[in-house]
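**Student:** Submitted below is the structure of interest, expressed as structure tokens.
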Amino acid sequence: MKFMKGSLLSTIFLLLTLVVLNNSYALTLSASASGELIPGTATYPNTVTNGDFMITGNHIATLVGNGIDEYTTWVFDFTSDTDYGAFSATDTLTSAWLTLTLTPKTGLITTDSMRINGLPVITDIIQSLAVGVTTTIEFELLTYYTSDQIMGEFASSVLGEIGMFYQDDAILSFASLDLTTAPVPEPATMLLFGLGILGLAGVSRKNI
Ligand SMILES: [Ca+2]
Ligand SMILES: [Ca+2]
């Protein structure tokens, strides 16, 4: 009975250790884009390149780069993250944390929206921002999209890149996205687990 108790405690300890080890394998990939608070301007159909952001106008609002009635696109490129090689598009995301610094330029910010390319628009956290004030907002994209939706864009077109779209009454000067995947058992952890079991078996044999 005494041995049984010891063995049980060892097993619990081993399992707890594995939980801790597993958690340490959660991966976060980060990508960012940045540009000037006041970009250059152009006349439609010309576009404005503002650092990592591309600004496009339209045939009605032909002044491009003033932050009024225009589209901003950019790409989050995760391929240069040092953990990119260990990251798999088939993993499940536990977080997709977006940070956006933007300056609304007209009262029509109340109709603005953003999205990951091909996914539904996000509007609620943008539309009440103050005009003329540079604001940084941060939020969890998993509130709006599923892990599969985000990873679908991550894997489609160019692997490791997520295309973004914003319209239409603000200048974007910074954006970043941190993708965190669920921890998964690694071969090293499984080996440790196997050794642990062997160790327990050894202890029990000695005690018998
Ligand atoms: Ca414009
Ligand atoms: Ca608008």
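**Student:** Run a plain Debye calculation on the stretch 73-150 (Cα atoms as equal point scatterers, no solvent) and give log10 I(q)/I(0) at q = 0.15, 0.17, 0.21, 0.23 Å⁻¹, rounded to two decimals, same order as the q list.
**Tutor:** Results for the stretch 73-150 at q = 0.15, 0.17, 0.21, 0.23 Å⁻¹ read -0.64, -0.79, -1.07, -1.20.
**Student:** In addition: Give me P(r) over the stretch 26-182, computed from all C-alpha to C-alpha distances, binned every 5 Å, as integer percentages.
**Tutor:** Here the calculated profile for the stretch 26-182 is 2, 10, 19, 22, 19, 13, 9, 5, 1, 0.
**Student:** So, with +1 on the Cβ of K and R and -1 on the Cβ of D and E, and no other charges, what is the size of the charge dipole of the stretch 26-182 about its Cα centre, to the nearest 20 debye?
**Tutor:** Values: 2 positive and 18 negative charges, 60 e Å.
Here the size comes out at about 280 debye.
**Student:** 5 Å is the cut-off here: which amide hydrogens, built 1.01 Å from N in the peptide plane, fall below it relative to Ser95, excluding neighbours closer than 5 in sequence?
**Tutor:** Thr180
**Student:** Right, something else. Could I have the simple spin-label model distance between His59 and Tyr25, label points 7 Å from Cα toward Cβ, reported in nm to one decimal?
**Tutor:** 5.6 nm
**Student:** Among Leu179, Leu27, which comes first, then next, by fewest other beta-carbon atoms within 10 Å?
**Tutor:** Working: Leu179 26, Leu27 17.
Exposure proxy ranking, most exposed first: Leu27, Leu179.
**Student:** Using alpha carbons only, how many angstrom separate the centre of the stretch 91-120 from the centre of the stretch 49-78?
**Tutor:** Each part's Cα centre sits 14 Å from the other's.
**Student:** Under the Karplus relation 6.51 cos²θ - 1.76 cosθ + 1.60, θ = phi - 60°, what is the ordered set of whole-Hz ³J(HN,Hα) values for the stretch 35-42, x standing for Gly and Pro?
**Tutor:** Whole-Hz 3J(HN,Hα) from phi for the stretch 35-42: x, 7, 5, 10, x, x, 10, 8.
**Student:** Related question: Determine which residues of the stretch 98-119 fall in the zone a paramagnetic label at Gln127 would reach in this model, i.e. backbone nitrogen under 19 Å from the point 7 Å along Cα→Cβ.
**Tutor:** 102-116, 119
**Student:** What ³J(HN,Hα) values, in whole Hz, does the Karplus curve 6.51 cos²θ - 1.76 cosθ + 1.60 give for the stretch 92-106 when θ = phi - 60°, with x put for Gly and Pro?
**Tutor:** Rounded to whole hertz, the list is 9, 7, 9, 7, 9, 8, 9, 10, 9, 10, 9, 10, x, 10, 9.
**Student:** Tyr84 to Thr110: extension gain in nm, 0.36 nm per residue of separation minus the Cα-Cα distance? List each step's numbers first, then the result.
**Tutor:** Values: separation 26, 0.36 × 26 = 9.36 nm, distance 3.71 nm.
Length gained between Tyr84 and Thr110: 5.7 nm.
Computed from the coordinates by the stated procedures, all read-outs in this text should not be read as laboratory data. The structure presented is a predicted model; accordingly, all values stated were derived computationally and were not measured. Neighbour counts run over all protein chains shown; Cβ positions are idealised from the backbone, glycine included.
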